[in-house]
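Heads up: the structure comes next, in structure tokens.
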Amino acid sequence: MNRSSRRSLWQVVIALVVVTLSAVGGTRLYAQSQMQNQAPTQVRSRAEEMAELWNHIGKKLIAMAKDFPEDKYDFKVQKDQRTFAENLLHVAAVDYDIVSRVAGSQVGPDFGKDKHNPPRDAYKTKAEVVKLLEDAVAAGARVIEEQGDAGLGKTQPFGWETGRHVAHNSYIWLAGIEHSSEHFGQLVVYYRANNLVPPESRR
């Protein structure tokens, strides 16, 4: 290949490189332009995020309450544990306690001296247990929505296992969510002990 031919070949190669780089650059610029023209994703409020967490675990427990056979509602793995029904009643009662604390007034039924453990005799059927839990979860979601972000920032004395101290309402809601999550895990064991598959595991 003579010098003139080599020069022509290099000119072709350089031209191809320039065209390729131009095409890539143009594509990037177009993509960036499209991204800039799109409206930014709207960030949800803190209250909306809290309500999502509250409802998420609440719905999981409600699904269990509706699904578990009624003839096994008084089942428990160990004799010193709560039954399946008593666990759900306990969760509902604690939820109502959380809601009442944040709302600043009594919300839901008065469960008497042992406010976190409603008597099974007062909620004898599966339908009654399910309704109590549904109402408690709905009451919490309603208060979170009504109070909004400002409500999450308010403080009050509060303490369970960690000791009594002044806490933000957001902390109190999270304590309730954590409590419900613990019982969700416990009730999964109740399912497995009866050779049943929890609703969440069937999805």
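Rounded to the nearest 20 Debye, what is the dipole magnitude of segment 68-203 about its Cα centre when Lys and Arg each give +1 and Asp and Glu each give -1 at the C-beta? Let's see the in-between values first.
Numbers: 17 positive and 20 negative charges, 54 e Å.
Roughly 260 debye, rounded to the nearest 20.
Provide the per-residue ³J(HN,Hα) series for segment 183-193, in order, calculated from phi with Karplus coefficients 6.51, -1.76, 1.60 and θ = phi - 60°, each as a whole number of Hz, with x at glycine and proline positions.
In residue order, the calculated couplings are 6, 4, x, 5, 6, 4, 5, 4, 4, 5, 5 Hz.
Label points 7 Å out from Cα along the Cβ direction at A122 and T41: separation in nm?
4.4 nm
Residue by residue, what Karplus-based ³J(HN,Hα) values in Hz, rounded to whole numbers, does segment 47-61 have, using 6.51, -1.76 and 1.60 with θ = phi - 60° and x for Gly and Pro?
Once θ is set to phi - 60°, the couplings for segment 47-61 become 5, 5, 5, 5, 4, 4, 5, 4, 5, 4, 6, x, 5, 4, 5 Hz.
Residues of segment 42-83 with the amide nitrogen closer than 13 Å to a label point 7 Å from the Cα of R192, along Cα-to-Cβ, please.
none
How much length, in nm to one decimal, is gained on full extension between K76 and R164, taken as 0.36 nm per residue of separation minus their Cα-Cα distance?
28.5 nm
Non-local amide H neighbours of F158 (under 5 Å, H modeled in plane, Pro and chain starts lacking H): which ones?
The list, which skips near neighbours in sequence, is H165, V166, A167.
Taking the Cβ of L88 as the center, what net charge do the other residues with Cβ under 10 Å away carry, scoring Lys and Arg +1 and Asp and Glu -1?
On the way: positive: R82, K126; negative: E86.
Surrounding charge for L88 is +1.
Taking the Cα centre of each part, how many Å lie between segment 169-192 and segment 96-142?
15 Å
When the chain is fully extended, how far beyond the present Cα-Cα distance does E48 get from A63, taking 0.36 nm per residue of separation? Numbers along the way, then the final one.
Details: separation 15, 0.36 × 15 = 5.40 nm, distance 2.19 nm.
My answer for the length gained is 3.2 nm.
Counting only heavy atoms of protein chains, what accessible area per residue, in Å², does segment 87-144 have with a probe of 1.4 Å?
43 Å²
Ignoring ligands, DNA and RNA, what percent of the accessible area of segment 97-203 is carbon or sulfur (1.4 Å)?
Percent of accessible area from carbon and sulfur atoms in segment 97-203: 52.
Roughly what would the spin-label model give for D135 and D149, points 7 Å off Cα along C-beta, in nm?
3.4 nm
The values are calculated or read from the model by the stated rules, or taken from the named source; none is laboratory data. Being a predicted model, the structure only gives us computed values, none of them experimental. Using ideal geometry, Cβ is built from the backbone for each residue, glycine included, and neighbour counts are taken over all protein chains shown. Each accessible area value is taken on the protein alone, full model and side chains, heavy atoms only, with ligands, DNA and RNA left out. Shrake-Rupley method; radii C 1.70, N 1.55, O 1.52, S 1.80 Å.
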